[in-house]
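In what follows, a single structure is set out as structure tokens and then discussed.
The values are calculated or read from the model by the stated rules, or taken from the named source; none is laboratory data. Owing to the predicted nature of the structure, the values given are computational and were not obtained by experimental measurement. Neighbour counts run over all protein chains shown; Cβ positions are idealised from the backbone, glycine included. We work out accessible area using only protein heavy atoms, side chains counted, and drop any ligands, DNA or RNA first. Shrake-Rupley method; radii C 1.70, N 1.55, O 1.52, S 1.80 Å.
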Amino acid sequence: MSVEITWWGHATATVRDSGVRVLTDPLFVRRLAHLRRRRGAVPPAAAAVVDVALVSHLHADHLHPGSLAKLPPGTRLVVPRGAGRAVPGLRRVVAARGLRVTEMVPGDVCTVGEVRIRAVPAAHDGRRLPYGPSRVPALGYVLSGESTTYFAGDTGLFDRMPEAVGPCDVALLPVGGWGPYLGPGHLDAGRAAQALARLGARCAVPVHYGTYWPIGMDAIRPHEFHSPGEDFVRHAGRLAPDTVVHRLGHGECVRLEPAR
């Protein structure tokens, strides 16, 4: 019984459980609008060969049609309900690639192979900015196979997070961002450690940091780019001492064994 996590950078990771390959928030570009990738290679083509891809919300660094176009024809794609209506580029990619789309809201469940995927709430403005419909929810996902893995997407702390997520073996938590300041609806390293303490996961992998940064702003609050992973390890050691944190480099993989 095991789960394998590969972090490709930002919120993009591969979770392999029960023979099922799950890709989170695919982003396979060197540059996105005013952001450029400062650390880690763009994920290789093989990273797009998965059984299912999950999109947590409609922000361009999480739902990126050009990256979804790299998925093999017929790949299962799970998105928040209303995403196809809100993002014309998504509709075009789905039609061109023959992707099999499942739209979800918190509480919905779908199954891919031996893995059960449950949508859970996220405290985040998940609209397609700057004008998208607010009725499209931001989601996290709980993957239940041989292990239980929580992918938080983008979220702030919210009161019923432990009840919404439930028991989990592994938590993939955002600990930073792509700019010098985090707005509301995000976790920094300290708040992510608080979330981890509430969730009680046995293992954690910090994501959503140290990858993209605004062009021309390398010298503006550089610690917000470089340090969130290490800061999360330190805060988690204090707030969730029973949790093992695996701080991965870009493209690195860890294999985790559930408790017997």
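Results, tabulated for the structure shown:
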quantity: Matching option when the condition is in contact (Cβ under 8 Å) with a residue 40 or more places away in the chain, at negative phi and assigned to a strand (DSSP E or B), among 60, 13; calculated: 13
quantity: So residue 198, is it modelled with pLDDT of 95 or more, under 29 Å from residue 38 (Cα atoms) and not in a loop (DSSP other than H, G, I, E, B); calculated: no
quantity: Qualifying positions in the range 36-58 - within 21 Å of residue 151 (Cβ to Cβ) and hydrophobic (A, V, I, L, M, F, W, C); calculated: 42, 46, 47, 48, 49, 50, 52, 53, 54, 55, 58
quantity: Which numbered condition residue 158 fails, given (1) open to solvent by 10 Å² or more (accessible area, probe 1.4 Å); (2) hydrophobic (A, V, I, L, M, F, W, C); (3) outside any loop (DSSP other than H, G, I, E, B); calculated: (3)
quantity: Filter result for the condition that a residue is more than 13 Å from the chain's Cα centre (by Cα) and assigned to a helix (DSSP H, G or I), over 39, 85; calculated: 85
quantity: The one condition in (1) without any contact (Cβ under 8 Å) to a residue 40 or more places away in the chain; (2) surrounded by 23 or more Cβ atoms within 10 Å (Cβ to Cβ); (3) on the phi > 0 side of the Ramachandran plot that residue 90 fails to fulfil; calculated: (3)
quantity: Selection within the range 17-36 - surrounded by fewer than 20 Cβ atoms within 10 Å (Cβ to Cβ) and under 22 Å from residue 229 (Cβ atoms); calculated: 29, 30, 32, 36
quantity: Leading residue by the ranking (farthest from the chain's Cα centre (by Cα)) among those in the range 196-249 that are open to solvent by less than 60 Å² (accessible area, probe 1.4 Å) and acidic (Asp, Glu); calculated: 218
quantity: Total residues in the range 194-230, condition closer than 15 Å to residue 182 by Cα and of a type in the set (Asp, Glu); calculated: 1
quantity: Residue, nearest to residue 23 (Cα to Cα), within the range 169-184, restricted to residues that are out of contact with any helix residue (DSSP H, G or I) (no Cβ under 6 Å at 6 or more places or on another chain) and open to solvent by less than 20 Å² (accessible area, probe 1.4 Å); calculated: 172
quantity: Meets criteria (within 24 Å of residue 2 (Cβ to Cβ) and crowded, with 19+ Cβ neighbours inside 10 Å) for residue 145; calculated: yes
quantity: Single residue of the range 171-198 satisfying the filter (aliphatic (A, V, I, L, M) and in contact with a Phe, Trp or Tyr (Cβ under 7 Å, 6 or more places away or on another chain)) that is farthest from residue 216 (Cα to Cα); calculated: 171
quantity: Single match in 100, 85 (criterion: surrounded by fewer than 22 Cβ atoms within 10 Å (Cβ to Cβ) and at pLDDT below 95); calculated: 85
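Every residue, every condition in (1) under 29 Å from residue 180 (Cβ atoms); (2) β-branched (Val, Ile, Thr), yes or no:
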position	(1), (2)
12	yes, yes
17	no, no
20	no, yes
24	yes, yes
27	yes, no
49	no, yes
67	yes, no
70	no, no
